[in-house]
Amino acid sequence: VQLQASGGGSVQAGDSLRLSCTASGRAVTAYGMGWFRQAPGKEREFVALLTWNGGSKYYADSVQGRFTLSREYAGSPVYLQMDNLRPEDSAVYYCAATKFTGWAQRAYDYDFWGQGTLVTVSS
């Protein structure tokens, strides 16, 4: 499975961005799609997850109510709509694919990773 993340950029606090993750390869519909982020000097942290069947969405507490996952159908790009962005949201955002069927919050639950897209939010 190959993952391509895009949509990052530089914005002001309160603005919005939409990240997208496009997956290709064998059996991509069998994978849950998650987003992680990593700020300089910090560990990679879980942001959001859309389970493989689209039936559940999970969000980190820090983004709940501001970020929204979506996709049109199984195998289509997964979008992370980020609203009301804050400076602390600045990081490199990675999409990742997991075969884990539950709430996969740990990086080692994920099997494939995209290259990352940079989000910078200034105050």
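For every residue, the table says whether it meets (1) in contact with a Gly (Cβ under 7 Å, 6 or more places away or on another chain); (2) small (Gly, Ala, Ser).
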site	(1), (2)
Ser6	no, yes
Cys21	yes, no
Met33	no, no
Ala39	no, yes
Leu49	yes, no
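In the range 73-90, how many residues are in contact with a helix residue (DSSP H, G or I) (Cβ under 9 Å, 6 or more places away or on another chain) and either closer than 17 Å to Glu45 by Cα or open to solvent by less than 50 Å² (accessible area, probe 1.4 Å) (or both)?
Summing the residues that are in contact with a helix residue (DSSP H, G or I) (Cβ under 9 Å, 6 or more places away or on another chain) and either closer than 17 Å to Glu45 by Cα or open to solvent by less than 50 Å² (accessible area, probe 1.4 Å) (or both) in the range 73-90 gives 2.
Quick one: Tyr94 ticks every box in (1) under 15 Å from the mean Cα position of the chain (by Cα); (2) part of a helix (DSSP H, G or I) bar one, so which box is it?
Unmet for Tyr94, out of (1) under 15 Å from the mean Cα position of the chain (by Cα); (2) part of a helix (DSSP H, G or I): (2).
Which one is farthest from Leu69 (Cα to Cα) among residues in the range 14-29 that are open to solvent by less than 40 Å² (accessible area, probe 1.4 Å) and of a type in the set (A, V, I, L, M, F, W, C)? Give the steps one after another, and end with the answer.
Residues of the range 14-29 that are open to solvent by less than 40 Å² (accessible area, probe 1.4 Å), as a first pass: 17, 19-21, 23, 28.
After this cut, where a residue has to be of a type in the set (A, V, I, L, M, F, W, C) as well, the list is 17, 19, 21, 23, 28.
On the way: Leu17: 12, Leu19: 10, Cys21: 11, Ala23: 15, Val28: 17 Å.
Per the stated criteria, the residue is Val28.
State whether one or more residues within the range 30-46 are within 10 Å of the chain's Cα centre (by Cα), open to solvent by less than 60 Å² (accessible area, probe 1.4 Å) and of a type in the set (Lys, Arg).
If we filter the range 30-46 for residues that are within 10 Å of the chain's Cα centre (by Cα), which is where we start, we get 33-37, 46.
With the extra rule that they be open to solvent by less than 60 Å² (accessible area, probe 1.4 Å), the set shrinks to 33-37, 46.
Adding the requirement that they be of a type in the set (Lys, Arg) leaves 37.
Yes: one or more hits.
Residue-wise test of (1) touching a Lys or Arg at 6+ places or on another chain (Cβ under 7 Å); (2) not in a strand (DSSP E or B).
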residue	(1), (2)
Ser20	no, no
Arg26	no, yes
Thr29	no, yes
Trp35	no, no
Pro40	no, yes
Phe46	no, no
Gly54	yes, yes
Val63	no, yes
Gly75	no, yes
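I'm checking my understanding of the structure. Among residues of the range 91-109 that are more than 20 Å from Gln2 (Cα to Cα) and of a type in the set (Gly, Ala, Ser), which one is surrounded by the fewest Cβ atoms within 10 Å (Cβ to Cβ)?
Out of the qualifying residues, it is Gly102.
Taking the condition in contact (Cβ under 8 Å) with a residue 40 or more places away in the chain and open to solvent by less than 30 Å² (accessible area, probe 1.4 Å), does Thr117 pass?
Working: in contact (Cβ under 8 Å) with a residue 40 or more places away in the chain: yes; open to solvent by less than 30 Å² (accessible area, probe 1.4 Å): yes.
So Thr117 fits the description; yes.
The values are calculated or read from the model by the stated rules, or taken from the named source; none is laboratory data. Given the structure is predicted, the values throughout are model-derived calculations rather than measurements. Every residue, glycine among them, receives a Cβ derived from its backbone with ideal geometry; neighbour counts consider all protein chains shown. Accessible surface is based on the protein model in full, side chains and every heavy atom, while ligands, DNA and RNA are left aside. Shrake-Rupley method; radii C 1.70, N 1.55, O 1.52, S 1.80 Å.
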